[in-house]
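Q: What follows is a single structure, and I will ask about it in a moment.
The values are calculated or read from the model by the stated rules, or taken from the named source; none is laboratory data. Owing to the predicted nature of the structure, the values given are computational and were not obtained by experimental measurement. Every residue, glycine among them, receives a Cβ derived from its backbone with ideal geometry; neighbour counts consider all protein chains shown.
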Amino acid sequence: MKSKIILFLIGFFICGFAFSQVQFEAEVSREKLGINERLRVDFTMNEDGDNFNPPDFTNFRVVGGPNQSISYSYLNGKRTYQKKYSYYLQPTKRGKFKIGQAEIQIDGEVYKTTPVTVEVTTAVDKPTDGNNSELIASDNIHLVAEISKANPYLNEGISLQYKLYVSPRVDVSDWRPIDSPKYTDFWSQNIDIGRLQVKNGTYKGEEYRYVVLQQTVLYPQKTGELTIEPLTLNVSVQVPSDRRDIFGRRISETIQKTIAADRKVIQVKPLPTEGKPASFTGAVGSFNFSVSTTKSSLNATESLQAKVRVSGNGNLKLFQLPKLTTPASLEVYEPEHQEDVKTNLNGMYGGITDNYTIVPQLKGKYPIAPISFSYFDVRTESYKTITSEELMVNVENGPTQLTNGESTTTTAGTQKQVVPTEKKQFRYLKLTPNLKEKGRHGFFKSTLFWILLIVPFLAIPLAIIFGKKREAYKNDVQGKRLRKADRLAKKYLSEAKKNLGNQQAFYDSLERALHNYLRAKLSIQTGEMSKEKIKNLLTEKGVTQEDTAKFISLLESCEYARYTPASKTSMEQDYEKAVEVIAGLDKQI
């Protein structure tokens, strides 16, 4: 008998522990209501899930929702998470009804809520939930994510806009981002929208006001199904209450509402393999291509510029320009890359240029062979190739062969040249020195003689003291680490320090400094810098949770600064925190 009780208790505690890990519950605002009142149902979970399936809500009409809210909290170093789906229901008849089970899939397991029984009575004189502030806010404010194209090609630019729709019945006084979108496997560029502008529009056929909160251009770097996590805001909403002032006007009350946009799923198509040219290097869009020189004729040892340029609209920063091919007798230096690229909702536009400096060494005419540039045109869904014209460089004056008698060669396809040496090339060197002997003076037993004799003996104790201090300095491993970490932090944050007082420039520089530090230390690209991946990589490198949390907090501060004002004092605090965090990470990594 005792053994059965012990086994029962063990099983009970094991089951209790298992169910304490994931909670998925249904809650109602009341268990009894009149037929002219409304009911709120919340489905709450403590872990993020997918494929949420609500019940049928038989005998009820859905008048609001589903509204999704997400909240995070940290208490004594422990993180808690809550995700909630809310519905507002209007009963269609009287009686006792069951709100059935909702389903959610969490980590591959399906969880269900317990059915809830609700009693609907006859109509009441004063409905209490008809003007519920939470219900009014949920019905009259919406955060919408609009994507320009849901099935782009690889490296095709798409735009994402987040719009906040507000009904004339309510007002919004403030909002604050809680969770920013994640653009994993995308190259992303936020568009500065400047001052927010309120516009008139419609939402589901009704008149609304809206404001564009964020605009981002995305270039998918991976094929298949890619997910964009939603933007989540905490919004201060002013809604009318049941109270009235002495003039009979309804008094508004302010409530805090958490709203989230829908998660977007993008299906990225691979570029076709059929007809792909050999000169294709990943350019997607609509482009022009040209090769030009600043001079068509010149003398030997003079220089000219050859420009290889691509202009148009597309992923200009995400591919390489074709290389220039010149004869061997032309000395060609590594190109200087220039970008004149801007970004709007249609993607990147402008041009990129490789500037080659060319110095001919011998007299003659030298052809610069044509080169081809290929790109994928998304409008026609086909590859296109542009080939430049052959350019001729005419070297009018100069040697026709090398000074040692060797003949010149003009083999195309290589940029390794033999540079001829001219007699005048080192004419600035004096080959006939004119040395003059100065008058002799007595040096032995002079003042200078005694100074030079005594100083070495006096320098011995100074050298011993200096050597000991230097040895102590070299052995101070901890001090060297601190100094090195401090120099590294100031190096990455120098630009941010210059922009203190200018909110946008400061936080852009701070975010760029944090990303550059991670690129240098963790060898990851900007498109891979999701907060979750950064946490995992820092943990693998042995960084403490406290320093990791500080680093993530700094990144979030940079994101919040796009929407909320910041004082110079808070910028200085964020700068000092960044110096401390980068120094701490560098010591640990």
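Q: Counting only residues that are of a type in the set (D, E, K, R) and assigned to a strand (DSSP E or B), which one in the stretch 331-357 is surrounded by the most Cβ atoms within 10 Å (Cβ to Cβ)?
A: In this case the residue turns out to be 354.
Q: Give the stretch 227-238 a look and list any residue that's crowded, with 19+ Cβ neighbours inside 10 Å and in a strand (DSSP E or B), or say none.
A: 228, 232, 233, 235, 237
Q: All but one of (1) assigned by TED's automatic domain parsing to the domain that holds residue 176; (2) in contact with a Leu (Cβ under 7 Å, 6 or more places away or on another chain) hold for residue 304; state the number of the condition that does not hold.
A: (1)
Q: Something else: Give the stretch 165-198 a look and list any residue that's assigned to a strand (DSSP E or B) and closer than 23 Å to residue 252 by Cβ, or say none.
A: Answer for the stretch 165-198, where residues must be assigned to a strand (DSSP E or B) and closer than 23 Å to residue 252 by Cβ: 165, 166, 171, 172, 173, 174, 175, 176, 198.
Q: Quick one: which residue in 553, 530, 557 is among the polar types (S, T, N, Q), modelled with pLDDT of 80 or more and closer than 17 Å to residue 177 by Cβ?
A: Going through 553, 530, 557 in turn, the sole match is 553.
Q: Taking the options 367, 360, name whichever one is surrounded by fewer than 20 Cβ atoms within 10 Å (Cβ to Cβ) and of a type outside the set (Lys, Arg).
A: Of the residues listed, the single one that is surrounded by fewer than 20 Cβ atoms within 10 Å (Cβ to Cβ) and of a type outside the set (Lys, Arg) is 367.
Q: Within the stretch 168-184, is even one residue without any contact (Cβ under 8 Å) to a residue 60 or more places away in the chain, closer than 17 Å to residue 144 by Cβ and surrounded by fewer than 19 Cβ atoms within 10 Å (Cβ to Cβ)?
A: For the stretch 168-184, residues without any contact (Cβ under 8 Å) to a residue 60 or more places away in the chain, closer than 17 Å to residue 144 by Cβ and surrounded by fewer than 19 Cβ atoms within 10 Å (Cβ to Cβ): absent.
Q: Of the conditions (1) surrounded by 13 or more Cβ atoms within 10 Å (Cβ to Cβ); (2) at pLDDT 85 or above; (3) among the hydroxyl-bearing types (Ser, Thr, Tyr), residue 133 clears all except one; give me its number.
A: With (1) surrounded by 13 or more Cβ atoms within 10 Å (Cβ to Cβ); (2) at pLDDT 85 or above; (3) among the hydroxyl-bearing types (Ser, Thr, Tyr) applied to residue 133, the lone miss is (2).
Q: Which one is surrounded by the most Cβ atoms within 10 Å (Cβ to Cβ) among residues in the stretch 185-219 that are on the phi > 0 side of the Ramachandran plot and charged (D, E, K, R)?
A: Across the stretch 185-219, the extreme among qualifying residues is 185.
Q: Kindly indicate whether any position in the stretch 184-200 is closer than 23 Å to residue 69 by Cβ, aromatic (Phe, Trp, Tyr) and either touching a Gly at 6+ places or on another chain (Cβ under 9 Å) or at pLDDT 95 or above (or both).
A: Within the stretch 184-200, not a single residue is closer than 23 Å to residue 69 by Cβ, aromatic (Phe, Trp, Tyr) and either touching a Gly at 6+ places or on another chain (Cβ under 9 Å) or at pLDDT 95 or above (or both).
Q: Only residues that are basic (Lys, Arg) and under 30 Å from residue 544 (Cα atoms): list them for the stretch 41-96, please.
A: If the condition is that a residue be basic (Lys, Arg) and under 30 Å from residue 544 (Cα atoms), then 78, 79, 83 are the ones that fit.
Q: A follow-up question, please. Hey, among the residues in the stretch 70-114 that are loosely packed, with under 15 Cβ neighbours inside 10 Å, charged (D, E, K, R) and under 23 Å from residue 51 (Cβ atoms), which one's modelled with the lowest pLDDT?
A: The residue in question is 107.
Q: Considering every residue within the stretch 34-48, establish whether at least one is under 31 Å from the mean Cα position of the chain (by Cα), in a strand (DSSP E or B), buried (at least 17 other Cβ atoms within 10 Å of the Cβ) and at pLDDT 85 or above.
A: Yes, there is a match, as at least one residue in the stretch 34-48 is under 31 Å from the mean Cα position of the chain (by Cα), in a strand (DSSP E or B), buried (at least 17 other Cβ atoms within 10 Å of the Cβ) and at pLDDT 85 or above.
Q: From 470, 483, 487, 562, which residue is out of contact with any helix residue (DSSP H, G or I) (no Cβ under 7 Å at 6 or more places or on another chain), modelled with pLDDT of 75 or more and basic (Lys, Arg)?
A: Answer to the check: 470.
Q: OK, next. For the stretch 316-345, give me each residue that is farther than 30 Å from residue 216 by Cβ and basic (Lys, Arg).
A: Across the stretch 316-345, the qualifying residue is only 323.
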